[in-house]
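So the structure is just underneath, and the comments pick up after that.
The values are calculated or read from the model by the stated rules, or taken from the named source; none is laboratory data. Note that the coordinates shown come from a computational prediction; the quantities given were computed from them, not determined experimentally. Positions of Cβ are backbone-derived with ideal geometry, glycine not excepted, and every protein chain shown enters the neighbour counts.
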Amino acid sequence: MRITRGEFKGRRIKPPEDIRPVSEMVRKACFDILGREVEGRSVLDLFSGSGALGIEAISCGARQAVFVDSSQHSCSIIRQNIADLGLKDLSQVIVGEAVMAISRFYCQRRKFDLVFLDPPYYQGLLRKALQAFSEYDIVTNLGYLVGFCYCKDELFSAGLKGFSLVSDKKYGQTRLVVYRKEDEEPRHISGNV
């Protein structure tokens, strides 16, 4: 499994044997959509598996990444991938369930600019995790949620509260959705009164 762009382009990382990582093609498409929005951002990689999405974000200039996965084995692989690339100072790995982690970050008043969600398919986990983001405010204004799921999964026909849909594309069996958090800052209109 290779990193597709940035400082570590072409470097290999090891995926755990028991996961379905996002393909290189879909990862590349994802980062093409995000473009320069990754640079300088704080990243949360939920259901991180191998850590490929968060590592790719760091490779593209993200300032830090937090990796969360419920599997101790996956977290061990992520730690090894991070060490192999010399990214320990820019990374944190947490063993835990995604929605619980979202809730914990909310209690800690911790926010992220860019969140990747790549849960196992066919279990409705992406929908459940996305719903948690409308309840727990851990995404910065104009930050992004990027989700990967099975191409026929139903998400939110009425939209995700507090977010607007930026992109919804299918690549083979994978559906890639990108949401952007709506700006909550009040806008002031200047001019003569």
Review point. Modelled with pLDDT under 95 and surrounded by fewer than 19 Cβ atoms within 10 Å (Cβ to Cβ), is that true of Tyr179?
Key: no
Study note, to complete from the structure: Flagged in region 63-85 as buried (at least 22 other Cβ atoms within 10 Å of the Cβ) and either among the acidic types (Asp, Glu) or under 17 Å from the mean Cα position of the chain (by Cα) (or both), in numbering order, are Ala65, Phe67, Val68, Asp69, Ser74, Ile78, Ile82
Review point. Mind checking which pairs have a first residue in region 132-157 that is in contact (Cβ under 8 Å) with a residue 60 or more places away in the chain and a second that is crowded, with 18+ Cβ neighbours inside 10 Å and hydroxyl-bearing (Ser, Thr, Tyr), Cβ under 7 Å, 6 or more apart or different chains?
Key: Tyr144/Tyr179; Phe148/Thr174
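Would you check which residues across region 28-76 are small (Gly, Ala, Ser) and part of a loop (DSSP other than H, G, I, E, B) and list them?
Hits for region 28-76 are Gly40, Ser48, Gly49, Ser50, Gly51, Gly61, Ala62, Ser70, Ser71.
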Review point. Mind checking whether some residue in region 9-16 is within 15 Å of the chain's Cα centre (by Cα) and within 22 Å of Cys149 (Cβ to Cβ)?
Key: no
Check your understanding: What number of residues in region 77-108 are free of Cβ contacts under 8 Å to residues at least 12 places away in the same chain and of a type in the set (Lys, Arg)?
Key -> 2
**Study point:** Selected residue (criterion: surrounded by the most Cβ atoms within 10 Å (Cβ to Cβ)) from residues of region 106-165 that are among the acidic types (Asp, Glu) and in a loop (DSSP other than H, G, I, E, B)
**Key:** Asp118
Exercise for review: Consider only pairs whose beta carbons are under 7 Å apart and that are at least six residues apart or on different chains; among these, list those whose first residue lies in region 169-193 and is over 30 Å from Cys149 (Cβ atoms) and whose second residue is at pLDDT 60 or above and part of a strand (DSSP E or B).
Suggested key: Glu185/Asn141
